[in-house]
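Contents: one structure, followed by commentary.
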Amino acid sequence: MHGPGSAAWLLVALCAATGAYCLLRMRSGIEEQRRTAGSEALMGFGMALMAIPAAVITPPRAAWALYAVLFGAAALRALWASRSSAHHLHHLVGTFAMAYMAVGMAAAPSGHAGHGGAGAPLVTGLLLLYFAGYVLWSGMRLVPVATAGGGPPASGWGDRPELARACRLSMGIGMVAMLLTM
């Protein structure tokens, strides 16, 4: 999943910053927002670790297997949580994609999927279509819409829906970038 060095480091920075903001969102007073922010922090930091350039660190195959198990478990948790909220279906797809990429990294001859050929082209293509659509949809939701009433200001960093949307958009962009290198 490693492309040119500067692009890989930008992806690492984007995903790590997103994960850090999601940790801040876990301080929300609303339990569902805290839970969602925790899942998104895991995704952000996981994506940042996966995007570190191969020249810097080459994790052993066992690390990729551990990643696959970790994100497979997160996918099962998202599947269970999706019974109560459709938003968790997106987390299910995201955690599945992370587990899929980890398996691809473990199966790649060099331990890195950055040279293409890792993973099933159909699955990679479907995930790319999903995340590209998600990025477009999320981006449109960030466009300011004039409101008639002007609601009360958000109470803190953890309760800012526009920042949460920007966080999800950033992770979607990162996922597209990572899947393109598979």
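Remarks
- A single entry from GLY133, GLY156, GLY116, GLY125 fulfils the requirement of being farther than 20 Å from ALA17 by Cβ, among the small types (Gly, Ala, Ser) and modelled with pLDDT under 90: GLY116.
- Matching residues in segment 136-153 - criterion: being at pLDDT below 65 and open to solvent by less than 80 Å² (accessible area, probe 1.4 Å): GLY149, GLY150, GLY151
- Contacts under 7 angstrom Cβ, first residue in segment 60-86 being more than 16 Å from LEU42 (Cβ to Cβ) and of a type in the set (Phe, Trp, Tyr), partner open to solvent by 80 Å² or more (accessible area, probe 1.4 Å) and part of a helix (DSSP H, G or I), 6 or more apart: none
- No other residue among ARG35, ARG25, ARG61 is touching a Cys at 6+ places or on another chain (Cβ under 8 Å), of a type outside the set (Ser, Thr, Tyr) and over 15 Å from GLY174 (Cα atoms) apart from ARG25.
The values are calculated or read from the model by the stated rules, or taken from the named source; none is laboratory data. As the structure is a prediction and not an experimental result, all values here were calculated from the model. For neighbour counting, all protein chains shown are included, and Cβ atoms are generated from backbone atoms with ideal geometry for every residue, glycine included. Side chains are part of the model used for accessible areas, which takes the heavy atoms of the whole protein and leaves out ligands, DNA and RNA. Shrake-Rupley method; radii C 1.70, N 1.55, O 1.52, S 1.80 Å.
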